[in-house]
Amino acid sequence: MFRAFGFAFALLIGLTAMTDVSSAADPENTLYLDLKSGRVVIEMRPDLAPKHVIRIKELVRQKYYDGLTFHRVIQGFMAQGGDPKGDGTGGSGQNIPAEFTDREQFYRGMVGMARSQDPNSGDSQFFIMLAPAPHLNGKYTIWGEVIQGMEHVDWIKKGDPKRGGVVDEPDRIVSMRMAKDAK
């Protein structure tokens with residue numbers, strides 16, 4: 001009996017490991033963020049931030065993020081990218097009203113929208129949490145969550161902590177695609 005159970009368990013684990021993320025997740029709300037070290041899969045959260053998800057999808061379909069840098073990366077905190085200027089001052093030119101929530105928290109792997117002091121200034125810049133940051137809860141919009149490939153986010157080149165995480169010769173986004181549009 002134990003041998004049969006062990007075989008069935010091993011088979012189940014093997015089949016689960018072979019399942020492609022795109023078949024398990026909603027391809028309309030799944031992003032593929034390709035980095036030099038590999039693919040990061042992000043599940044977008046229209047239930048938390050519908051306006052942000054709509055805008056991110058528009059930008060992704062325009063291939064806006066391809067080649068942009070992770071210009072600010074702080075070890076043990078977050079990796080920020082999505083700025084066409086590469087210095088934290090740029091954007092697509094379309095601000096999105098804040099969609100703060102108290103239903104989710106900023107823990108490792110959460111994806112949020114960067115902004116200025118104005119809560120309604122989110123545009124194209126986003127950040128991926130490298131560690132929990134409860135001080136951001138309710139102050140920044142959460143629009144996604146890494147569901148696979150966090151190890152590749154960990155490999156993004158870190159910035160100088162004395163300069164607020166600014167990265168010299170930063171890593172770039174190879175491409176960012178909707179799962180439903182990717183090959």
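Rounded to the nearest 10 Å², what accessible area does PHE77 show when all protein chains are kept and the probe is 1.4 Å?
The accessible area comes out at roughly 50 Å².
Quick one: ranking TYR65, TYR107 by accessible area, 1.4 Å probe, largest first, what do you get?
TYR107, TYR65
Per residue, how much accessible area does the chain have with a 1.4 Å probe, in Å²?
Here the residues of the chain average 53 Å² of exposed surface.
Quick one: dipole size for the chain, taken about the Cα centre, charges +1 on Lys/Arg Cβ and -1 on Asp/Glu Cβ, in debye to the nearest 20. All intermediate terms of the calculation are to be shown ahead of the outcome.
Working: 23 positive and 23 negative charges, 35 e Å.
Roughly 160 debye for the chain.
Rounding to the nearest 10 and keeping the result within 0 to 90°, find how far the Cα-based axis of helix 2-18 lies from the longest principal axis of the chain.
Approximately 30 degrees, to the nearest 10.
What do you reckon, how do LYS180, LYS157, LYS36 stack up by accessible area (1.4 Å probe), largest on top?
Output order, biggest surface exposure first: LYS36, LYS180, LYS157.
Using the charge dipole of the chain (Lys, Arg: +1 at Cβ; Asp, Glu: -1 at Cβ; taken about the Cα centre), state which of GLY67, TYR140, ALA49 has its Cα farthest towards the positive end.
GLY67
At 0.36 nm per residue, and after removing the present C-alpha to C-alpha distance, how many nm does the segment from ARG163 to GLN117 gain when stretched out fully? Present the calculation step by step, with values, prior to reporting the outcome.
Working: separation 46, 0.36 × 46 = 16.56 nm, distance 1.90 nm.
Answer, rounded to one decimal: 14.7 nm.
Going by alpha carbons, how many degrees (0 to 90, nearest 10) lie between the helix axis of 50-61 and the longest principal axis of the chain?
90 degrees
Please list, or write none, the lysines whose alpha carbon is within less than 21 Å of the alpha carbon of LYS85, excluding same-chain residues fewer than 8 places away.
Excluding near neighbours in sequence, the set is LYS36, LYS57, LYS63, LYS157, LYS158.
Under a Cβ-only charge scheme (Lys and Arg +1, Asp and Glu -1), can you give me the dipole magnitude of the range 121-183 about the Cα centre, in debye to the nearest 20?
Once rounded to the nearest 20, the dipole reads 80 debye.
With +1 on the Cβ of every Lys and Arg and -1 on the Cβ of every Asp and Glu, and nothing else charged, how large is the dipole of the range 79-127 about its Cα centre, in debye rounded to the nearest 20?
120 debye
Work out how much length ASP26 to LYS63 would gain on full extension: take 0.36 nm times their residue separation and subtract the Cα-Cα distance, in nm to one decimal.
Once the chain is fully extended between ASP26 and LYS63, it gains 11.3 nm.
Give the long-range amide H neighbours of LEU130: residues separated by 5 or more places, or on another chain, with amide H under 5 Å away, using H modelled in the peptide plane at 1.01 Å from N.
HN-HN under 5 Å from LEU130: PHE77, MET78, ALA79, GLY109.
Give me the accessible area of VAL174, 1.4 Å probe, in Å² rounded to the nearest 10.
For VAL174, solvent-accessible area is about 90 Å².
If R₀ is 22 angstrom, what is the calculated FRET efficiency for the pair LYS85 and GLU151, using the beta carbon separation as r and rounding to 0.05?
0.15
The values are calculated or read from the model by the stated rules, or taken from the named source; none is laboratory data. Fair warning: this is a prediction, and the values are worked out from it, not measured in the lab. Heads up, the Cβs are rebuilt from the backbone with ideal geometry, glycines too, and the neighbour counts pull from every protein chain shown. Note: areas computed on protein heavy atoms with side chains; ligands, DNA, RNA excluded. Shrake-Rupley method; radii C 1.70, N 1.55, O 1.52, S 1.80 Å.
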